[in-house]
Amino acid sequence: MKMKFGSRLFDQVFVRSGPIRWLVVGGTLLIAAIAIGSVLMAQNFRERALRNSGRELENTVLLLAHHFDQQLQDFAIIQKGFVDYVRTTGITTGEDYRKRLSGEDVHRMLRSKIEALPYMGGVNIIDAEGNLINSSTAWPTPKVNVADRAYFRTFKYDPYAPDVLIEPLHSRISGAWTILVARRVVGPRGEFLGVVGRGIEPANFEKFFASVVLGEGATISMLHRDGTLLARYPQSGELMGRNFKTGPFEHQRVFGLDHFAGRFNSPVDGEDRLISSRALPHFPILVMATTTRAAALADWREQIGILISIAASSALAIAGVLIAVVRKLLEQHRLSRERLTLEKQRLDRAVNNMTQGLLLFDAGQRLVVCNQRYIEMYGLSAEIVKPGCSFRDIIAHRKVTGSFTGDVDAYVARVLKDIHLRNSMVVDTADGRSIHILNEPLADGGWVATHEDITERRRIEERITHLAHYDALTDLPNRAMFHEHLRQELATARDGEQTAVHYIDIDEFKGVNDALGHLVGDELLKSIATNLRRCAGPADFVARLGGDEFAIVQGAVTSLDQVNELVARVFETIRTPVDCMGHHLTSDASIGIALAPQHGTALDQILKNADMAMYAAKSSGRHTYRFFEPDMDAKVRERRQLEGDLRHAIAQGGREGGLEVYYQPCLGLKDDRITGCEALVRWRHPERGWVSPADFIPIAEDTGLINEIGEWVLATACRDAASWPDDIRLAVNVSPVQFKSGTLALKIMAALATSNLPASRLELEITEAVLIRDDDAALAILHQLRAIGVRIALDDFGTGYSSLSYLHRFPFDKIKIDRCFVEDIARPDGSASIVQAVVNLAAARRMTTTAEGVETEEQQRLLRTLGCSEMQGYLFSAAKPADKMLELFALHRSRRARREGSESRRREVG
């Protein structure tokens with residue numbers, strides 16, 4: 001009835017009221033505009049996502065095309081140089097060609113040329129009969145004949161064929177697919193003398209493709225202009241050598257264009273793909289990158305979900321506001337009509353709108369209106385509580401039915417005494433409910449009484465009050481209540497007694513959450529809270545401050561023995577194994593303790609001191625406790641000041657007051673040559689002077705600043721080393737924090753590209769900590785770096801606990817023997833046997849060894865005797881700035897030349 005009445009009223013007002021009609025129309029149009037705008041934005045976002053994905057593919061193939069074109073040009077230069085060599089040596093016949101180019105001297109020449117380009121494969125020389133007569137990779141040359149190969153027949157019988165052919169074929173040596181780059185060699189009169197070529201396994205290209213792969217569903221391929229697949233990532237053996245120029249015209253035309261960007265169904269998997277290809281400028285080869293349309297639109301789908309949610313929320317909000325406004329207008333209209341009759345308005349309000357129990361009395365205390373809610377609230381009889389009965393009769397009936405306790409006449413008198421004033425009261429019923437009664441006087445002497453059951457509201461308010469002071473998970477007092485209790489404890493402390501504040505931080509709790517999930521972590525916290533409450537004394541106050549931090553306020557402390565006993569109980573209970581959802585867990589804690597008034601009387605001061613003591617315990621190796629000491633505050637302030645100065649120094653770079661890069665050379669123990677230099681970061685503070693790396697590097701690693709420092713040192717060192725002699729390598733230390741960034745390989749490649757430093761001259765020094773934290777991910781990055789030619793050295797070898805396992809899992813180029821083994825190498829019971837074992841181990845795995853911290857000639861002599869490859873230390877040279885290095889190299893070469901000359905003269909005289 002009420003809903004039907006409201007609907008009719010709405011229809012009438014909507015028809016008669018112009019403003020409401022225009023309001024509804026305007027709101028509808030606004031919602032429609034939001035929907036249309038959302039569709040247009042979705043289309044725009046979709047096109048933008050496809051364009052961005054296509055642009056990423058184009059950039060990728062451009063980079064790869066230039067990269068491989070340069071590599072192939074390098075080899076082409078070697079081939080051309082070989083052809084020029086043939087011509088300049090006067091070779092004119094096939095027999096002369098075979099005899100003069102099959103010797104070991106030619107093998108050495110080829111080998112020297114290839115060593116200058118380490119990324120090149122072997123160079124093979126084939127005579128006019130198809131026989132392999134020389135190779136840069138093997139001596140003596142194996143017997144192989146390629147006269148039946150298509151490229152050889154083309155060179156031999158087709159004088160108009162190109163001088164250079166690139167062809168995929170199965171290697172007769174390895175049995176695997178090989179990409180052959182061959183060049184025809186002809187005599188001075190155009191007669192065919194043979195072929196010079198190089199076989200490249202597709203895996204060499206595919207490894208590089210893997211380092212720049214574009215994501216799930218993406219492929220990178222290398223194809224010949226004639227449509228033959230040369231290499232592909234992800235690798236697919238069955239596709240190698242397949243010709244893709246036989247498909248539809250839209251597929252074929254790609255091979256005739258120098259650059260193509262578009263979209264079509266892939267002939268490999270039938271997927272709708274975005275395609276971008278680019279031809280190598282100097283070779284008939286295409287580099288093609290693709291990604292599925294679904295992968296390209298993955299981010300777009302997430303954006304559309306957000307856009308739809310926002311649009312729907314906006315539309316719902318507009319609709320809600322519109323409904324609220326219309327309802328308000330309708331309500332005003334209804335009230336204006338109800339003012340025509342006061343009694344009808346009271347009746348409608350009491351019956352149709354009140355959710356509470358409602359009673360309307362006249363001036364004679366007689367009931368005029370009573371709603372059903374009142375009768376149901378108290379379980380009364382509608383035959384007794386009806387218009388005309390008195391207020392006292394209703395209360396008496398409630399007494400009889402059991403919903404009222406107390407004296408009826410006294411209650412009636414109390415209500416009627418103040419009935420001319422607006423008043424309220426809360427009464428409790430016999431069944432435990434709380435009822436809020438509001439008496440509202442009327443102008444004619446009567447009153448309206450509303451009865452509202454607020455039992456649940458009171459429970460919620462009590463619960464809210466409890467939650468405001470107690471932790472929801474453990475039901476321990478929270479931080480706010482902890483502060484309040486401690487404030488009271490400090491204010492009421494007696495003379496001769498102290499208050500101990502214990503800050504408890506659960507060690508390695510994050511590992512439990514990460515490994516087993518937050519449900520298990522929550523169960524562990526609840527178990528710890530229960531155990532802390534149990535082990536604390538009756539007067540001690542236990543609270544959870546948040547996360548994995550707890551606190552105990554121990555009052556009335558008269559001796560430190562009481563504090564130590566409580567700490568012992570806390571450690572015992574926390575270290576007790578607990579079962580959490582089937583997992584048998586053992587935890588530990590770091591505890592900081594501050595005493596009041598010994599360590600302060602102000603609340604903030606005590607909390608700060610306890611917190612500093614806790615962090616001192618964590619810094620001491622965790623699983624222990626520390627009392628606050630005054631110098632802790634000074635250490636914290638000094639660390640923060642040093643951190644701020646370090647940030648400023650990083651911003652300064654190599655300018656005054658900033659960081660600097662010094663270089664300490666490594667000396668070969670066999671020939672006394674400088675083999676390389678290690679880059680070491682130094683900081684000349686404008687006020688402190690030289691700051692030790694042992695002081696600022698840990699701060700940089702804790703704050704993440706090591707990423708910025710490492711990137712700057714790498715770029716600076718590569719730029720400096722590019723001007724050094726080509727036989728001197730650069731060693732750069734890499735922190736475990738840099739490995740966690742996930743972009744280390746890209747930054748190293750960028751530094752090499754910017755400085756033009758060959759990757760073979762860069763050596764990265766890592767410690768076992770890199771592999772211990774996330775060995776699988778770290779090993780993957782190391783393999784990527786090894787693939788581009790960067791050397792990897794294991795630093796501080798032997799100081800950890802898992803070096804041998806990592807030597808087995810990754811083929812390091814060098815092992816650095818820590819200075820702690822070098823210091824006592826000359827002692828009878830020293831570490832000479834350990835150094836000998838490391839040298840033998842490195843030699844067995846074809847690694848070099850570098851001894852650090854060599855300071856005496858005796859140490860140098862013993863290391864040379866033990867077979868160590870290199871040494872580094874103050875005996876030869878301390879670390880020097882970049883502008884002193886070329887002078888050092890030149891001085892060492894001159895001294896070495898004079899020494900060799902003197903030795904040569906002595907040998908002649910002798």
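Taking the conditions (1) in a loop (DSSP other than H, G, I, E, B); (2) in contact with a Pro (Cβ under 8 Å, 6 or more places away or on another chain); (3) of a type outside the set (S, T, Y) in turn, L752 satisfies each one other than (1). Given the residues L467, L486, L473, which is the only one that is in contact with a Lys or Arg (Cβ under 8 Å, 6 or more places away or on another chain) and under 30 Å from R534 (Cβ atoms)? It is L473. Look at (1) touching a residue at least 60 places away in the same chain (Cβ under 8 Å); (2) of a type outside the set (A, V, I, L, M); (3) part of a strand (DSSP E or B) and you find that W683 fails only one, number (1). Scanning the range 847-863 for residues that are outside any loop (DSSP other than H, G, I, E, B) and surrounded by 15 or more Cβ atoms within 10 Å (Cβ to Cβ) yields a total of 9. Per this entry, P698 is not counted among residues that are surrounded by fewer than 14 Cβ atoms within 10 Å (Cβ to Cβ), modelled with pLDDT under 85 and more than 30 Å from V854 (Cβ to Cβ). For the range 868-908, filtered to residues that are among the polar types (S, T, N, Q) and under 45 Å from the mean Cα position of the chain (by Cα), the residue that is modelled with the lowest pLDDT is S877.
Checked against the criterion of being more than 20 Å from L764 (Cα to Cα), surrounded by fewer than 18 Cβ atoms within 10 Å (Cβ to Cβ) and either of a type in the set (S, T, Y) or touching a Phe, Trp or Tyr at 6+ places or on another chain (Cβ under 7 Å) (or both), the candidates S902, S877 yield just one match: S902. Criterion first (part of a helix (DSSP H, G or I) and either loosely packed, with under 14 Cβ neighbours inside 10 Å or among the small types (G, A, S) (or both)) does A613 satisfy it? Yes. Within the range 524-541, the set of residues being in contact (Cβ under 8 Å) with a residue 24 or more places away in the chain and either among the small types (G, A, S) or under 16 Å from L607 (Cβ atoms) (or both) comprises S527, A529, A536, G537, F541. Being surrounded by 15 or more Cβ atoms within 10 Å (Cβ to Cβ), of a type in the set (V, I, T), without any contact (Cβ under 8 Å) to a residue 60 or more places away in the chain and closer than 30 Å to H783 by Cβ is a property that I817 has. Of the residues making up the range 867-910, those that are out of contact with any strand residue (DSSP E or B) (no Cβ under 6 Å at 6 or more places or on another chain) and within 26 Å of A843 (Cβ to Cβ) are G867, G873, L875, R896.
If only one of V542, V570, V557 is more than 42 Å from the chain's Cα centre (by Cα) and either of a type outside the set (K, R) or within 13 Å of Y625 (Cβ to Cβ) (or both), which one is it?
V557
Restricted to the range 503-549, and to residues there that are surrounded by 17 or more Cβ atoms within 10 Å (Cβ to Cβ) and of a type in the set (G, A, S), the residue that is nearest to Q562 (Cα to Cα) is A536. Contact map, the range 593-615: first residue within 17 Å of G546 (Cα to Cα), second residue polar (S, T, N, Q) and outside any helix (DSSP H, G or I), Cβ cut-off under 9 Å, separation 6 or more or different chains; pairs are M614/S590; Y615/S590. Annotation: of all residues in the range 830-839 being surrounded by fewer than 18 Cβ atoms within 10 Å (Cβ to Cβ) and modelled with pLDDT under 90, the one that is farthest from K814 (Cα to Cα) is G830. Within the set of pairs 6+ apart or on separate chains, which have a first residue in the range 281-294 that is more than 14 Å from S221 (Cα to Cα), a second that is of a type in the set (S, T, N, Q), and C-beta atoms under 7 Å apart? That search, which allows pairs on different chains as well, returns H282/Q73. Just so you know, in the range 181-213 the residues that are surrounded by fewer than 20 Cβ atoms within 10 Å (Cβ to Cβ) and hydrophobic (A, V, I, L, M, F, W, C) include one that is modelled with the lowest pLDDT, and it is V213.
Counting only helices (runs of 4 or more DSSP H) wholly contained in the range 370-483, the ones carrying 3 or more residues that are surrounded by 15 or more Cβ atoms within 10 Å (Cβ to Cβ) occupy 372-378, 391-401, 408-417.
The values are calculated or read from the model by the stated rules, or taken from the named source; none is laboratory data. All figures in this text were calculated on a predicted structure; none of them were measured in a lab. All Cβ positions, glycine included, derive from the backbone under ideal geometry; neighbour counts span all protein chains shown.
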